[in-house]
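Asks: The structure follows.
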Amino acid sequence: MTAEMTTYALLLAVTFLAGFIQGLSGFGSVLLSLPLLILFLDVRTAIPLVALVALALTIQLLIQLRQHLEWRRVYPLLAGTVFGVPVGVFLLKHLDTALIQFVLGAVLIGYALYGLIFRIPPQGIRERWAYLYGFLAGCLGGALSASGPPVIIYTSLQPWTKDQIKVTLQGYFLASGLIVVFVQAANGLTTGTVIKLFVLSLPAVVVGTLVGSHFYGMVREEGYRRIVLIFLGCLGLFTVYRALDG
């Protein structure tokens, strides 16, 4: 097997797994795929490639769950994010990013453990709190390029169905993903090589998402919330590891 064929096989395996995770939980594809892709791709290729793959996953899931999408649930999150990003950039310039990562990771681990042990009842919080969670997401996005956790926590606290939670996440990720892809393309990061690899990976992305969505359909509401908490805990562990390793 040539080096090019090996790279292609690894690319298909990673993007299939990314699609499976996203199809099952509604998030986590970037967390999984980026560390694996940079093992055999240049980081300047892997980052814009992951952004395109994540956007494709989001669009596919939005199409699958479009009947459950209510943009009124997404807009407050996005509005808060817009104001939070400049604050995050300020934190990036003036605070130790390792400290920010460690605190974020510890919060995620604590929230996940608490929810798994004591089973947080999804009684719901007022939707006006979405502005605050969106603001926190913007802060983390500006500081660490990791805007997802506050939005995931906010949706998990609502008494919504698993479809409503998942599709609300996709609506938020669609808007943020479009911005990321546009900025990367405008700065010349989305090269011909990136586009070629993205096109080659699309079959694995689509199939992985369909397989993940199939298993998602077999999971009950409570089971889905536990999956979300487990993935959040894993995200927290990975974030703490990066903070300590850095």
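Asks: I need every pair where a residue in region 210-223 that is closer than 14 Å to Q22 by Cβ has its Cβ under 7 Å from the Cβ of a residue that is open to solvent by 30 Å² or more (accessible area, probe 1.4 Å), sequence separation at least 6 or different chains.
Replies: V211/F20; G212/F20; G212/I21; S213/Q64
Asks: Tally up the residues in region 8-32 that are modelled with pLDDT of 85 or more, open to solvent by less than 40 Å² (accessible area, probe 1.4 Å) and assigned to a helix (DSSP H, G or I), please.
Replies: 10
Asks: Here is a further query. Those residues that are in contact with a helix residue (DSSP H, G or I) (Cβ under 6 Å, 6 or more places away or on another chain) and assigned to a helix (DSSP H, G or I), I need them from region 33-44; list them, please.
Replies: Selection gives S33, L34, L36, L37.
Asks: Could you pull out every one of the helices (runs of 4 or more DSSP H) wholly within region 110-206 that has 3 or more residues that are open to solvent by 30 Å² or more (accessible area, probe 1.4 Å) and either modelled with pLDDT of 90 or more or within 24 Å of A243 (Cα to Cα) (or both)?
Replies: Of the helices (runs of 4 or more DSSP H) lying wholly inside region 110-206, those with at least 3 residues that are open to solvent by 30 Å² or more (accessible area, probe 1.4 Å) and either modelled with pLDDT of 90 or more or within 24 Å of A243 (Cα to Cα) (or both) span 130-144, 162-186.
Asks: Right, next: Kindly provide the set of residues from region 63-90 that are more than 25 Å from I38 (Cβ to Cβ), aliphatic (A, V, I, L, M) and assigned to a helix (DSSP H, G or I), ordered by number.
Replies: I63, V74, L77, L78, A79, V82, V87
Asks: So which of T97, T58 is among the hydroxyl-bearing types (S, T, Y) and more than 22 Å from A175 (Cβ to Cβ)?
Replies: After applying the criteria, what remains is T97.
Asks: Right, next: How about region 98-108: which of its residues are within 19 Å of the chain's Cα centre (by Cα) and either open to solvent by 40 Å² or more (accessible area, probe 1.4 Å) or not hydrophobic (A, V, I, L, M, F, W, C) (or both)?
Replies: Q101, F102, V103, G105, A106, V107
Asks: Right, another one. Taking the conditions exactly as written (closer than 27 Å to G217 by Cβ, open to solvent by 60 Å² or more (accessible area, probe 1.4 Å), touching a helix residue (DSSP H, G or I) at 6+ places or on another chain (Cβ under 9 Å) and assigned to a helix (DSSP H, G or I)), does Q60 satisfy them or not?
Replies: no
Asks: So which residues in region 207-246 are of a type in the set (D, E, K, R) and either open to solvent by less than 80 Å² (accessible area, probe 1.4 Å) or assigned to a helix (DSSP H, G or I) (or both), if there are any at all?
Replies: E221, E222, R225, R226, R242, D245
Asks: Same structure, new question: Might you let me know whether region 66-74 holds any residue that is within 17 Å of the chain's Cα centre (by Cα), open to solvent by less than 70 Å² (accessible area, probe 1.4 Å) and on the phi < 0 side of the Ramachandran plot?
Replies: Among the residues of region 66-74, at least one is within 17 Å of the chain's Cα centre (by Cα), open to solvent by less than 70 Å² (accessible area, probe 1.4 Å) and on the phi < 0 side of the Ramachandran plot, which makes the answer yes.
The values are calculated or read from the model by the stated rules, or taken from the named source; none is laboratory data. Just so it is clear, the model here is predicted, and its values are computed rather than measured. Backbone-built Cβ (ideal geometry, glycine too); neighbour counts: all protein chains shown. Quick note on the areas: whole protein, heavy atoms, side chains included, nothing else; ligands and nucleic acids left out. Shrake-Rupley method; radii C 1.70, N 1.55, O 1.52, S 1.80 Å.
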